[in-house]
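In what follows, a structure is listed as structure tokens, so that the remarks can point back to it.
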Ligand code: UT7
């Protein structure tokens, strides 16, 4: 049996760190409000001219280095992003060009904050089926460009960043099982209702969210999909060494862990320093946990994420 095994990870955060106190100078908010409701203390924001693909390439180079591979070894590129450099071509092809790779399939996955679990499950399916042997899976977003910086309900929640994973075909256990879901009936809860048409931006090009409804939906569906993936794989929650969740809100993360009966000491938490980096948040957390030595070879990881669409999913993997 062929598995998709994690061979290396990398991540990148823009240099500009903006604390809650810094934000409170710009909008009517406070460190107390933001941190008590979300766990967020700071976020990193891309510099002028620093694009999603630039963040993605920096993370990808670090992941390739960790895997002891070079760009020419890659035969599939999947980029999860909701903030592409351009309407088209895909950010994945821009990353491909910047890394000097040519010929292999490269495409974007658009599942907003669930993008990385969608991308990971997709690359896993390519590797299991023999359509790829060495995949670069990236989550990268620059939400700072799609926020209304006068809207305190949303602008305090997000940050920019990128994380990357190199997956390789292996006889050793790697990704065990994935479960993905979406339900377009909930599309109004979180959206940017705009498009480019007739030579102009039509609609409102800023993120809109019903925060409380998203919170409730996320808590319910993340618990359900975590149960589903464990049940389908024949695993119990006790076998999970680390939950590596999407980092939107510490209270949502804690609710999923509590549902599974897993203590917060087994959760990789980066939301305080990264805020919600959308598709980048899971691979950023994974890379942090691997590089600081908490996540070790042979351990069992549960990735879970949810975002606009609504789209959500979970991936169980052995590292
Ligand atoms: O990847 C998925 C993405 N999104 C999420 O996961 C977000 C899920 N939702 C949440 O995390 C929470 O709903 C929020 C953190 C967004 C909001 O927390 P909340 O406890 O649901 O607050 P709320 O929206 O009910 O607002 C409570 C109050 C309101 O004032 P009034 O009407 O009670 O006077 C808001 O105007 O807090 C006010 N408020 C703020 N005050 C200070 C909203 N944003 C802020 C702010 N600073 N930044």
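The values are calculated or read from the model by the stated rules, or taken from the named source; none is laboratory data. None of these values were measured; they are calculated from a predicted model. All Cβ positions, even for glycine, are placed from backbone atoms using ideal geometry, and neighbour counts span all protein chains on display.
Got a sec? Which strands (runs of 3 or more DSSP E) wholly within the range 145-223 have at least 2 residues that are more than 16 Å from the ligand (Cβ to nearest atom) and exposed (fewer than 15 other Cβ atoms within 10 Å of the Cβ)?
Numbers: elements: 160-170, 175-182, 194-197, 200-203.
Those strands (runs of 3 or more DSSP E) span 194-197, 200-203.
Considering only the range 136-162, state which residues are in contact with a helix residue (DSSP H, G or I) (Cβ under 7 Å, 6 or more places away or on another chain) and farther than 16 Å from residue 282 by Cβ. I'd like the intermediate steps shown before the answer.
Here is the first cut: in the range 136-162, the ones in contact with a helix residue (DSSP H, G or I) (Cβ under 7 Å, 6 or more places away or on another chain) are 136-143, 147-149, 153, 156-162.
If the condition is that a residue be in contact with a helix residue (DSSP H, G or I) (Cβ under 7 Å, 6 or more places away or on another chain) and farther than 16 Å from residue 282 by Cβ, then 142, 147, 148, 149, 153, 156, 157 are the ones that fit.
Are any residues in the range 28-46 under 19 Å from residue 250 (Cβ atoms) and within 8 Å of the ligand (Cβ to nearest atom), and if so, which ones?
29, 30, 33, 34, 37, 38
Condition (residue is under 19 Å from the mean Cα position of the chain (by Cα) and within 25 Å of residue 289 (Cα to Cα)) applied to the range 226-241: is it met by at least one residue?
There is at least one residue in the range 226-241 that is under 19 Å from the mean Cα position of the chain (by Cα) and within 25 Å of residue 289 (Cα to Cα).
Please indicate, with yes or no, whether at least one residue in the range 112-125 is in contact (Cβ under 8 Å) with a residue 60 or more places away in the chain, more than 15 Å from residue 246 (Cβ to Cβ) and over 19 Å from the mean Cα position of the chain (by Cα).
no
Go through the range 66-81 residue by residue and tally those that are buried (at least 17 other Cβ atoms within 10 Å of the Cβ) and assigned to a loop (DSSP other than H, G, I, E, B).
Counting residues in the range 66-81 that are buried (at least 17 other Cβ atoms within 10 Å of the Cβ) and assigned to a loop (DSSP other than H, G, I, E, B) gives 5.
Within the range 17-27, can one find any residue that is in a helix (DSSP H, G or I), at positive phi, buried (at least 19 other Cβ atoms within 10 Å of the Cβ) and within 16 Å of the ligand (Cβ to nearest atom)?
For the range 17-27, residues in a helix (DSSP H, G or I), at positive phi, buried (at least 19 other Cβ atoms within 10 Å of the Cβ) and within 16 Å of the ligand (Cβ to nearest atom): absent.
Report yes if some residue within the range 165-177 is over 21 Å from residue 57 (Cβ atoms) and free of Cβ contacts under 8 Å to residues at least 40 places away in the same chain; otherwise report no.
no
For the range 95-106, how many residues meet the condition of being on the phi < 0 side of the Ramachandran plot and surrounded by fewer than 23 Cβ atoms within 10 Å (Cβ to Cβ)?
Total meeting the criteria: 7.
For the range 50-87, which positions are closer than 20 Å to residue 278 by Cα and out of contact with any helix residue (DSSP H, G or I) (no Cβ under 9 Å at 6 or more places or on another chain)?
50, 58, 87
Return yes when residue 37 is at pLDDT 95 or above, surrounded by 16 or more Cβ atoms within 10 Å (Cβ to Cβ) and either within 21 Å of the chain's Cα centre (by Cα) or under 24 Å from residue 247 (Cα atoms) (or both) and no when it is not.
Answer is no for this residue.
In the list 293, 261, which residue meets the criterion of being under 22 Å from residue 63 (Cβ atoms) and more than 18 Å from the chain's Cα centre (by Cα)?
Within the list 293, 261, the selection yields 293.
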